[in-house]
Number of protein chains: 2
Amino acid sequence: MPSPIQEYLQQLHARYLPITEGKVADYIPELSKANPGHFGICVATRDGHVYEIGDTRQAFTIQSISKALVYGLALEDRGEEHVLSRIGVEPSGEAFNAISLKEGTGTPFNPMINAGAIATCGQILKKDGKNRIQRIMDYLGAFAGRGLSVNESVYRSESSTGHRNRAIGWLLRNFGILDEDPDETLETYFQQCSLEVTCRDLALMGATLANQGVHPVTQQRAIAADYVDNVLGVMATCGMYDWSGEWVYRVGLPAKSGVGGGILAVLPGQLGIAVFSPPLDSQGNSHRGIQVCMDLSRELSLHMLNPTATPRSAARLAYHGAEVLARRRLPPSARELLRRHGQCIRVIELQGGLIFSTIEPVLRYAAELATTLCRHLIFDLRTVVSANAVSVNLLAELCTKLAQQGVRVLFCQPGRMLVALRSVGISLDHVFSTLDAALENCEDALLLEVSGASWRPRGRLELGECPLFRACTAEDVAFLRQELPERGYGAGTTLITAGHTADEMLVLLKGTVEVRIRVDGSNQRVDVLTAGMTVGEMAFLDGSPRSADVVAQESVECVVIPKAWFDALTERRPQLKIKLLQEMTREISARLRQANLEISALHRS
Amino acid sequence: MPSPIQEYLQQLHARYLPITEGKVADYIPELSKANPGHFGICVATRDGHVYEIGDTRQAFTIQSISKALVYGLALEDRGEEHVLSRIGVEPSGEAFNAISLKEGTGTPFNPMINAGAIATCGQILKKDGKNRIQRIMDYLGAFAGRGLSVNESVYRSESSTGHRNRAIGWLLRNFGILDEDPDETLETYFQQCSLEVTCRDLALMGATLANQGVHPVTQQRAIAADYVDNVLGVMATCGMYDWSGEWVYRVGLPAKSGVGGGILAVLPGQLGIAVFSPPLDSQGNSHRGIQVCMDLSRELSLHMLNPTATPRSAARLAYHGAEVLARRRLPPSARELLRRHGQCIRVIELQGGLIFSTIEPVLRYAAELATTLCRHLIFDLRTVVSANAVSVNLLAELCTKLAQQGVRVLFCQPGRMLVALRSVGISLDHVFSTLDAALENCEDALLLEVSGASWRPRGRLELGECPLFRACTAEDVAFLRQELPERGYGAGTTLITAGHTADEMLVLLKGTVEVRIRVDGSNQRVDVLTAGMTVGEMAFLDGSPRSADVVAQESVECVVIPKAWFDALTERRPQLKIKLLQEMTREISARLRQANLEISALHRS
């Protein structure tokens, strides 16, 4: 099926394909050889899907676009304050090749003009046995997700005509911005500008910046998360030379252009966008590139300053402990206690990214809960995608304060957030890997509080103590004891196998069993049953094959009710059979009611 | 319970409270009277919650902060291109009171310097019987959520000393940027700068910009959504004078300061932040204000260019038609068909804000579904908070393309999105207000496709045709017919009332009934039953009171099974009672199985 987005990009490409305005860069002979007809557009998503149309696989030199990325490497090598002491971050209002250094200090206005870019290049360390250009190639390669190489003829051409840049280099040396004679730095700079990329590479570089610095396909980190905003910051204010203010105003995407004809734009947190078209306008930006970016921003509503889909609260769903119970069977008395007191347990399911503004409403909501019956609060973090340090700290402070109010806070998370929670001092006793485990912990604590005793049966039950036989007379029980065989299972053995015919039903007298289904090759617990409970009665009654495995968690003893015996009971002792059927129906009805309650809670939004 | 966020702001306030650097503005006597000790911090959320500490209710004059907001009014009055032809949007790199007009055209560099602000003020129309300052007061009042007034003594002081601004006014007149002599415009400008606000007002103004232009408390629109990005754009690039580049780099929040000591900062889509502290630094920005904003941005990770919580896909959950069914009871045969063919129905639940990047993965997913068994696709939009035009257009194009693949697309939405869906040509036959209605539509269509007939019973059933009596012999049926009374109900009448004792059970022979519970004062449908089905059997069996109302949707006929009669059946015809109990258990078991399937699907994430 053709994608509406692909079709849109095709239309956009067709719209500007006939445009021939602009002039291919000709300050060096090699660049003037570029084909003015080349035209490609790429949009890369944060999960690495790339929409592309036109000449998106055509190699060309990265030129000034490298300035933005290499600035990130300088920050990583030297730290923010050192770099800021050498290179400013103010728009200059001047052309790209202006020798604009600040009075007195000689610092270039920003890293996007040539002076600033050469100074930036000079900050890169030789390290790990690699020289500067090797490190730059590795660094930019991580953004592209593939190895990059220098176009040697463009490099030689840049180097042999780079007199103005040499003048800038010596001025920087004069002001002490460069620590050594500029020759090597300049050669590195010329090579850096001559790295070959494609439009597709640029879009993925942009997506890497949009994705907090991690390449969306290779999952390799290209730049420390802390410096992403710095790189995008200089792109936003200085990326488009003396058209930067209007660019932010109209397009609203941090961007950088190069005289090779490329433009790389980023919608922070969302998209990387690249356009390739060699003819340049009078400001040195790709003519078609600018038009395409303006149309894309307007037609797809991509302006970063008016985001309409910013998440609100991270809370996706909230329910209480009488609505959703752990996946285990409780005896009727315990179920009744949870029905009455379940409001003391609250579950708040969080989702998406946790940051200040998504966790802030959650803190308010939790503070309100502390004024209600709630005494056990579970944060279900299983669908949380990321959590920054601020949000985790705030959660930890919330826990401390709620504990002072007598509210215990538990977390359920699938492993990803364990380190973060531990780092802020949350006890691992309060962290669970499944919601069931967290719910069980709260339910057991609550049941103990309200009843003063554990709900778990101790030792072996007598037949007459099992709910199924509740309506039976002593004589009935004696009959059953005589008629029904008993059976034992060792820990880990299987009582019931999914797919088998249900020719019997079991009543547990001792021990615990787990009901499991196989999902994607692994076992998933769907129920846990303890002494007194009936095992496998649904398939037994309706004749369908077993739907799940039942495995003994410990040594188990049970009474077996064979189907043939149960069938014959209709004639032999119909009144007894009626009693049994009524109890079974009552039990299944109670579970259906609970399931309906849970469905309502889960459908709530 | 003390909020961790409030405590953080208290610490931040205490950190800078002792700082006395900076100098209160003294270019007019009135401003020099400001108390340098005043210090307030406010953070306002997009839902209107305001955290405040210190002197947040102290009135002071808005000064240059008004420039940013009045620029929005000029855009609304004159349109973007007209305003851009008079006032640029490039950072000037110069001080606030520089007379920096572009060579040739005389256009001020941007609306944040005095020249640009005076030119902007001159664009405001006299309208609706109101003069300029009245319109400006109304406009800024909508941002604050309350009426604002001019501090007359500050205004007179500004006016009597505003010689430099008068010079600027006449220069603007000279270049034709102002259409009339500048006197009135200048007086309006002086009044505009003398409007009194509090720190709290500024934070709510910021929250209004963060909230796409709608005041979070009053819910009044203060600025057209289309111009929010323009106002924030000039704040981002020009808001902090010649420190704007470094501000974006370090703080990353569009902001505007005023010599009254206020700073207003915005985290687009999320927060409004305001600081009030009159002592200014050498650039004319509040000294403590700058420090506080830098700390807030760093310590709460608020830099707009590295958002870590941008939503990914709008899809929250997906399931198929064998997992979640409409809330109605189907006959066993229809249930079995849905179990086998339910994969032909797919539900995708969307949430949050629909924009290009959140709907894009949904389009990809839907295109994949078209290659599976899926023939009916429901988009559940009930938890969609907003949808921009791009996303709705893409959904409409998706529908067209899926229809070509033989996939019918339906929408479920609670009214909010009806206009938007209709505007892109989606037939209202495909839009439903509840998920049940959409599911029913798909289930009925699917059942008709696979069975060639409607599953709905026609006419009146005989007793023996009802599933409950499936195992009965002809003699049993004759006995039942003789023993059990029949009863009719008119459309709209109540068969069963919640809370009542369950002293009978009904078997429908004809007509449809709806099972409803009351939630927050309104009725919510939980089930629909048709001829052949058993009504009220659960409370009947377990002795609990009725949990729901049952109301006839049309004229209904049924057989009544009184509890006393059913109890007596144990002695009178035990074998018949066993047959009935077994059928009831089988039916309830089947419903429990289905409920468990639905719970698994809803818990999936």
B:S282: passes all of (1) touching a residue at least 24 places away in the same chain (Cβ under 8 Å); (2) more than 30 Å from B:L398 (Cβ to Cβ); (3) away from chain A (no Cβ under 14 Å) but (1)
### Query
If we scan the stretch A:551-574, do we find a residue that is more than 8 Å from chain B (Cβ to nearest Cβ), closer than 20 Å to B:N596 by Cα and at pLDDT 95 or above?
yes
**Asked** Right, B:L541: more than 29 Å from B:T493 (Cβ to Cβ) and hydrophobic (A, V, I, L, M, F, W, C) or not?
**Response** no
Those residues of the stretch A:184-200 which are touching a strand residue (DSSP E or B) at 6+ places or on another chain (Cβ under 6 Å) and more than 14 Å from A:Q63 (Cα to Cα) amount to A:R200
* Asked: among the aromatic types (F, W, Y) and within 12 Å of chain B (Cβ to nearest Cβ): does that describe A:Y27?
  -> no
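Per-residue answers, yes or no, for (1) more than 8 Å from chain B (Cβ to nearest Cβ); (2) under 24 Å from A:A437 (Cβ atoms); (3) not polar (S, T, N, Q):
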| residue | (1), (2), (3) |
| --- | --- |
| A:A370 | no, yes, yes |
| A:A396 | yes, yes, yes |
| A:K401 | no, no, yes |
| A:C412 | yes, yes, yes |
Looking across the stretch A:341-352 at residues that are open to solvent by 10 Å² or more (accessible area, probe 1.4 Å) and in a strand (DSSP E or B), the single one that is farthest from the other protein chains (Cβ to nearest Cβ) is A:R346
Scanning the stretch B:37-63 residue by residue, those open to solvent by 10 Å² or more (accessible area, probe 1.4 Å), assigned to a loop (DSSP other than H, G, I, E, B) and away from chain A (no Cβ under 14 Å) turn out to be B:G37, B:H38, B:D55, B:R57, B:Q58, B:A59
Original post:
Any chance the stretch B:417-425 includes a residue that's closer than 30 Å to B:I578 by Cα and without any contact (Cβ under 8 Å) to a residue 12 or more places away in the chain?
Top reply: no
- If you check B:S589 against the conditions, is it surrounded by 19 or more Cβ atoms within 10 Å (Cβ to Cβ) and in a helix (DSSP H, G or I)? yes
Scanning the stretch A:220-252 residue by residue, those open to solvent by 10 Å² or more (accessible area, probe 1.4 Å), more than 7 Å from every other protein chain (Cβ to nearest Cβ) and without any contact (Cβ under 8 Å) to a residue 12 or more places away in the chain turn out to be A:D226
- Task: Confirm whether A:E571 is part of a helix (DSSP H, G or I) and within 49 Å of the chain's Cα centre (by Cα).
- Result: no
Open item on the list: For the stretch A:520-527, check the following and say yes or no: at least one residue is under 23 Å from A:K563 (Cβ atoms), in contact with an Asp or Glu (Cβ under 7 Å, 6 or more places away or on another chain) and not acidic (D, E).
Closed with: no
Looking at A:A74, is it part of a helix (DSSP H, G or I) and either among the small types (G, A, S) or out of contact with any Phe, Trp or Tyr (no Cβ under 9 Å at 6 or more places or on another chain) (or both)? yes
Exercise. Do we have any residue at all in the stretch A:1-12 that's free of Cβ contacts under 8 Å to residues at least 24 places away in the same chain, under 34 Å from the mean Cα position of the chain (by Cα) and in a loop (DSSP other than H, G, I, E, B)?
Worked result: yes
Return yes when B:L468 is more than 14 Å from chain A (Cβ to nearest Cβ), of a type in the set (A, V, I, L, M) and within 29 Å of B:V556 (Cβ to Cβ) and no when it is not.
no
Conditions (1) open to solvent by 10 Å² or more (accessible area, probe 1.4 Å); (2) modelled with pLDDT of 95 or more; (3) touching a strand residue (DSSP E or B) at 6+ places or on another chain (Cβ under 8 Å) -> A:A203 fails only (1)
From the option list B:L171, B:L178, single residue qualifying as in contact with a helix residue (DSSP H, G or I) (Cβ under 6 Å, 6 or more places away or on another chain), of a type outside the set (D, E) and surrounded by 14 or more Cβ atoms within 10 Å (Cβ to Cβ) is B:L178
_Please verify whether B:M533 is surrounded by 21 or more Cβ atoms within 10 Å (Cβ to Cβ), within 9 Å of chain A (Cβ to nearest Cβ), of a type in the set (A, V, I, L, M) and in contact with a helix residue (DSSP H, G or I) (Cβ under 8 Å, 6 or more places away or on another chain), treating the condition exactly as stated._
no
If we ask which residues in the stretch B:323-340 are within 14 Å of chain A (Cβ to nearest Cβ) and either in contact with a Cys (Cβ under 7 Å, 6 or more places away or on another chain) or aliphatic (A, V, I, L, M) (or both), their number turns out to be 3
Scanning the stretch B:360-382 residue by residue, those surrounded by fewer than 17 Cβ atoms within 10 Å (Cβ to Cβ) and either within 26 Å of A:H603 (Cβ to Cβ) or of a type in the set (G, A, S) (or both) turn out to be B:Y365, B:E368, B:T372, B:L373
Residue hits (the stretch B:427-443; at pLDDT below 95, aliphatic (A, V, I, L, M) and farther than 19 Å from A:S600 by Cβ) are B:L428
Residue pairs qualifying under the 6 Å Cβ cut-off, at least six apart or on distinct chains, with the first in the stretch B:285-312 being without any contact (Cβ under 8 Å) to a residue 24 or more places away in the chain and among the hydrophobic types (A, V, I, L, M, F, W, C) and the second being in a loop (DSSP other than H, G, I, E, B) and open to solvent by 10 Å² or more (accessible area, probe 1.4 Å), are B:A309/A:P311; B:A309/A:I355
Within the stretch A:25-35, can one find any residue that is modelled with pLDDT of 95 or more, on the phi < 0 side of the Ramachandran plot, in a strand (DSSP E or B) and not hydroxyl-bearing (S, T, Y)? no
All-but-one check, A:V214 against (1) within 14 Å of another protein chain (Cβ to nearest Cβ); (2) touching a residue at least 40 places away in the same chain (Cβ under 8 Å); (3) among the hydrophobic types (A, V, I, L, M, F, W, C), failing number (2)
Taking the criterion of being open to solvent by 10 Å² or more (accessible area, probe 1.4 Å) and closer than 30 Å to B:T512 by Cα, would at least one residue in the stretch B:308-320 satisfy it? yes
Over the stretch B:266-325, the set of residues over 30 Å from A:A255 (Cβ atoms) and among the charged types (D, E, K, R) is B:D281, B:R288, B:R316, B:E323
message = Condition first: of a type in the set (D, E) and at positive phi. Can you find one or more residues in the stretch B:530-541 that meet it?
response = no
Checking A:G72, A:G88 in turn, the sole residue that is at pLDDT below 95, within 14 Å of chain B (Cβ to nearest Cβ) and over 13 Å from A:A274 (Cβ atoms) turns out to be A:G88
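The values are calculated or read from the model by the stated rules, or taken from the named source; none is laboratory data. None of the values given here were measured: they were computed from a predicted structure. Heads up, the Cβs are rebuilt from the backbone with ideal geometry, glycines too, and the neighbour counts pull from every protein chain shown. Please note that ligands, DNA and RNA were not included when accessible areas were found on the heavy atoms of the full protein model with its side chains. Shrake-Rupley method; radii C 1.70, N 1.55, O 1.52, S 1.80 Å.
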